Amino acid sequence: MHMNNQKALVALAGSACFLLSFLPVQAQIQRVNLARLQTAIADSAAAGNQASFATDGIVGNTNCWVSAGAGPHWLKISLPVPVQLGSAQLYLGNDDTGAVANFSLQYFGSNAWVTIPGASFAGNAATVLNVVFSSPVTASLVRLYSTDATVKVDRKSTRL
């Protein structure tokens, strides 16, 4: 993946989807979904709602990852190379309902998961969030981590 003069955006959407997009530094801004068709793994999945639905590119309320069982829950996306990430666009819930209330975006640094500066939320009620990180991070592993009982992530929201 050639990253000439580009910065990455992380975007989450849908019922708690993950979207990672590139934002070129040039005047013309165009997003590219880096998470599309990338490997997605989750702590759990409700029947018929596997983690790969968060990155398959298909938009729809019935085509999403849904957690199962007791939390906490997480959805991890693996990128082919480390990318500098500076922001996230999050779409949480189905059709503007069911927002993920308590969550953070994390990256795998050195030997542990680290919360991305400016990407931790408690009591969130919004279904659409545009998050600019306090400090950019460079990573090839990114995850949504939530203490909520149920988490949903749709393809439209899983852009990295």
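Might you check whether a residue that is assigned to a loop (DSSP other than H, G, I, E, B) and at pLDDT below 80 occurs anywhere in segment 72-79? For segment 72-79, residues assigned to a loop (DSSP other than H, G, I, E, B) and at pLDDT below 80: absent.
To keep it simple, each residue is scored yes or no on (1) over 21 Å from Arg36 (Cα atoms); (2) open to solvent by less than 50 Å² (accessible area, probe 1.4 Å); (3) part of a strand (DSSP E or B).
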residue	(1), (2), (3)
Val83	no, yes, yes
Ser87	no, yes, yes
Gln106	no, yes, yes
Val114	yes, no, yes
Thr138	no, no, yes
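Among the conditions (1) modelled with pLDDT of 95 or more; (2) outside any strand (DSSP E or B), Thr150 misses just one, which is (1).
Among the residues of segment 58-71, is there at least one that is closer than 21 Å to Val128 by Cβ, free of Cβ contacts under 8 Å to residues at least 60 places away in the same chain and open to solvent by 30 Å² or more (accessible area, probe 1.4 Å)? It would help to see each step written out before you state the result.
Keep residues of segment 58-71 that are closer than 21 Å to Val128 by Cβ, which gives 58-67.
After this cut, where a residue has to be free of Cβ contacts under 8 Å to residues at least 60 places away in the same chain as well, the list is 62.
Add one more test, that the residue is open to solvent by 30 Å² or more (accessible area, probe 1.4 Å), and what stays is 62.
Checked segment 58-71: at least one residue is closer than 21 Å to Val128 by Cβ, free of Cβ contacts under 8 Å to residues at least 60 places away in the same chain and open to solvent by 30 Å² or more (accessible area, probe 1.4 Å).
Can you name the condition, by its number, that Ser120 falls short on among (1) open to solvent by 50 Å² or more (accessible area, probe 1.4 Å); (2) not in a strand (DSSP E or B)? Result: Ser120 passes all but (2). The set of residues from segment 95-110 being of a type in the set (Ser, Thr, Tyr) and modelled with pLDDT of 90 or more comprises Ser104, Tyr107.
Just one of the listed residues (Val100, Val128) is within 21 Å of Asn33 (Cβ to Cβ), among the β-branched types (Val, Ile, Thr), open to solvent by less than 20 Å² (accessible area, probe 1.4 Å) and under 13 Å from the mean Cα position of the chain (by Cα), and it is Val100. Tallying residues that are part of a loop (DSSP other than H, G, I, E, B) and either open to solvent by less than 40 Å² (accessible area, probe 1.4 Å) or closer than 13 Å to Arg143 by Cα (or both) within segment 37-56 yields 7.
The values are calculated or read from the model by the stated rules, or taken from the named source; none is laboratory data. Worth saying up front: this structure is predicted, and the values here are computed from it rather than measured. Here the Cβ is made from the backbone with ideal geometry for all residues, glycine too, and neighbour counts use every protein chain on show. We work out accessible area using only protein heavy atoms, side chains counted, and drop any ligands, DNA or RNA first. Shrake-Rupley method; radii C 1.70, N 1.55, O 1.52, S 1.80 Å.
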